[in-house]
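Written out below as structure tokens is the structure these notes cover.
The values are calculated or read from the model by the stated rules, or taken from the named source; none is laboratory data. All values derive from a computational prediction rather than experimental measurement. When we count neighbours, we look across all protein chains shown, and the Cβ atoms used for this are built from the backbone with ideal geometry, even at glycine.
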């Protein structure tokens, strides 16, 4: 049993032909048995979108020699759902990895990230999951320096597990002359994108927009992913899918005057509609 | 100043012609000055998707008499971004409301919900925001019973505010013979969708899938949105956009053997790459 190779499911959001997933497949093949189910084209910025009102395609792919791989017409979250419930069926993956995304998914970008939605979808399904992103948007981004970090993190995840109901958001600094300082467990920085809209006219003189913007980080904490990345660390943020702001519940209960405050102790339900 | 009507921005994910947004506009017109920026077609299940690799259209809409309204080619999150940074510019909305969604967005569905992504996007932008959903998927769903609850919740939000960095996820039971029991502040139930894929052949004998599935709630808590809805309450869950699983950070720091553990006290950065 101990010698059985772990089953690792791989997805991404840049599509099955993107360079980042090549690196991920290469490293994962050293560690386990690999199955790939990835979008058949780019799905960046898809957040946690799923395909509810349309059909899904799933076809065998030859993108990776010696690897069972499928390309899917859907979103990253669709890919994980199809992988678990159709492709793998009774084969339970030991780990789901997503990426390596071409560009950062740190801080608030985790919400917009298809890479992380694949990982979070896996966590919802009860599977240990990690999303990897490289902080380099360049067309010729170099992924080679990420390999030892990806391998180390995946081996730790397989050895120690990932905290239940979380998925790890791993961001790796761009390759540079400065060696990467290490791996740091972080919290999500409180930052946001400050959008601007570039207004243009099409050849028919109809108006259209490009969304542009800059990243604004007002969080000075030294325990954030942004701090870690700015200091050349690989950042690891455990992410949860329970969005409840628990701290806000007493505030709402105390301040808001709701006509019917349910009395939980005796579970009395007052069958009266408000005015 | 006290008599100035609040400015309320409205969006949704079912599209600007959906019945739910009609109800929301009707109720909001009683309370404030209304501006609508909504998708030009259905965007259900879009999660927190944004349009990064494509252009956006934004055109004046005549969907609502006497209301400034725009239809947008993008996602619900795009609509809020365009509204804040282009349509409203220097007019700061006092509240952003999204919906009323045609179907429940309780529990885990909050992650897949375009309705809630519009509200959460507004919260990220620092605006008080509420997403409303009706737990009725029927084509002829009746929204009329939601009006007093929507009005009450919006008036409370304008009076007392919404806890900072949160957006409210409001779900309203389907209209039935049983009157609604009241409004309850809740946490997100720990539940998930159990997917199945309905495999078919197209006229060219190529395989395709429909995603189907059933909702599985293993959370027996009586403080959840699912419990509230099952007991005919309107559920209100404050949702945050900081996904950090804070409780998981010590576990990772203690259990994982990372080669480089940063020493935060003296902020020493060991400039050594791992093996």
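Brief remarks on what is shown
For (1) modelled with pLDDT under 50; (2) surrounded by fewer than 19 Cβ atoms within 10 Å (Cβ to Cβ), each residue gets a yes or a no:
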{"residue": "A:234", "(1), (2)": "no, no"}
{"residue": "A:240", "(1), (2)": "no, no"}
{"residue": "A:243", "(1), (2)": "no, no"}
{"residue": "A:251", "(1), (2)": "no, yes"}
{"residue": "A:261", "(1), (2)": "yes, yes"}
{"residue": "A:264", "(1), (2)": "yes, yes"}
{"residue": "A:268", "(1), (2)": "yes, yes"}
{"residue": "A:272", "(1), (2)": "yes, yes"}
{"residue": "A:275", "(1), (2)": "yes, yes"}
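- Subset of the stretch B:71-89 (residues that are part of a loop (DSSP other than H, G, I, E, B) and either in contact with a strand residue (DSSP E or B) (Cβ under 6 Å, 6 or more places away or on another chain) or closer than 15 Å to residue B:114 by Cα (or both)): B:73, B:74, B:75
- The listed residues are A:20, A:47, A:15, and the only one of them that is assigned to a loop (DSSP other than H, G, I, E, B) and within 19 Å of residue A:140 (Cα to Cα) turns out to be A:15.
- For the stretch B:101-120, taking the residues that are under 8 Å from the mean Cα position of the chain (by Cα) and in a loop (DSSP other than H, G, I, E, B), the one that is nearest to the other protein chains (Cβ to nearest Cβ) is identified as B:113.
- Summed over the stretch A:76-100, the residues that are over 12 Å from the mean Cα position of the chain (by Cα) and buried (at least 22 other Cβ atoms within 10 Å of the Cβ) give a count of 8.
- A single member of B:191, B:177, B:228, B:141 is surrounded by 16 or more Cβ atoms within 10 Å (Cβ to Cβ) and more than 16 Å from residue B:103 (Cβ to Cβ), and it is B:228.
- Applying the condition of being more than 24 Å from residue A:121 (Cβ to Cβ) and touching a strand residue (DSSP E or B) at 6+ places or on another chain (Cβ under 8 Å) to the stretch A:147-182 and asking which residue is nearest to the other protein chains (Cβ to nearest Cβ) yields A:182.
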